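Before any comments, here is the structure.
The values are calculated or read from the model by the stated rules, or taken from the named source; none is laboratory data. It should be emphasised that the depicted structure is a prediction, and the values quoted were computed from it without experimental measurement. Cβ placement follows ideal geometry from the backbone for every residue including glycine, while neighbour counts extend to all protein chains displayed. The protein model used for the area step is the full one, side chains on, heavy atoms only, and it has no ligands, DNA or RNA in it. Shrake-Rupley method; radii C 1.70, N 1.55, O 1.52, S 1.80 Å.
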Amino acid sequence: MPNIVLDAGHGGNDSGATGNGLIEKNLTLDLVLKVEQHLKTKQSVIVHLTRNTDEFVSLNKRSQIANKLNSNLFVSLHHNAGGGTGFESYIYPGLKNTITGQIQQEMHKDIINFLKLQGMTDRGQREANFAVLRQTKMPAILLENLFLDSKKDASLLKKPTFIEELSQTMANSIASIATNL
Ligand SMILES: [Zn+2]
């Protein structure tokens, strides 16, 4: 069975972004735990987490965890801030035409199809030299799930039903991708 590492961004003294009463490290953990739960019921992948509590884990450590496990896929969950709205995904630069690019295309499409129904904007499939994307040896993707400092985005992120459906969408997407890993 493919093994997947789910990475809840930030944690401990690193809160990540904040806005509208929301704190990124708490949202990423909540989302990761829900995606893990959904994936466990499918029994088609083995799921590992880089953290399952509110603790600080360095970027190096997150990559090391996945590398030591010889993981097949690394998925890092974040929430954005800085004056925008909507969803964007990231892979390491130059990997568009590799399996990593294919995974980005599929996962981005699955998630944005759901988010568009909620009135959210597609900010695109992007590339960035983020540590967890650079240091992990397996296909790795980082998802920026809406903006905490946007009133519109934050109101969705505060809805338990939205988080539940988003986590289900992510789990379905990962399970589908995992069949080709
Ligand atoms: Zn973040």
Taking K34 as the anchor, which lysines have their alpha carbon closer than 27 Å to its alpha carbon, excluding any fewer than eight residues away along the same chain? K25, K42, K61, K68, K109, K116, K137, K151, K152, K158, K159
Express the carbon and sulfur contribution to the solvent-accessible surface of the chain as a percent, rounded to the nearest whole number, probe 1.4 angstrom. 49
The range 19-108: relative contact order from alpha carbon pairs under 8 Å, six or more residues apart, as a whole percent, is 26
Quick one: 3J(HN,Hα) in Hz for the range 134-151, Karplus 6.51/-1.76/1.60 with θ = phi - 60°, rounded, Gly and Pro as x. 6, 8, 7, 8, 10, x, 9, 9, 10, 10, 9, 8, 6, 10, 5, 8, 9, 4
Leaving ligands, DNA and RNA out of it, work out the accessible area of I91 with a 1.4 Å probe and give it in Å² to the nearest 10. 0
Could you do me a favour and compute the accessible area per residue for the chain, 1.4 Å probe, result in Å²? 44
Farthest toward positive dipole pole in the chain [+1 Lys/Arg, -1 Asp/Glu at C-beta], among N3, F147, I163: N3
For the range 113-129, in residue order, the Karplus 3J(HN,Hα) values (coefficients 6.51, -1.76, 1.60; θ = phi - 60°; whole Hz; Gly and Pro = x) are 4, 5, 5, 5, 5, 9, x, 8, 8, 8, 8, x, 8, 10, 10, 7, 8
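Report the relative contact order of the chain, percent, no decimals, based on alpha-carbon pairs under 8 angstrom and at least 6 residues apart.
Relative contact order of the chain: 31 percent.
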Alpha carbon convex hull of the range 3-178, projected area averaged over orientations, nm²: 8.8
With +1 on the Cβ of every Lys and Arg and -1 on the Cβ of every Asp and Glu, and nothing else charged, how large is the dipole of the range 3-178 about its Cα centre, in debye rounded to the nearest 20? 260
Each label point is 7 Å from the Cα along the Cα-to-Cβ direction; what then is the distance between the points at Q43 and F56, in nm? 4.2
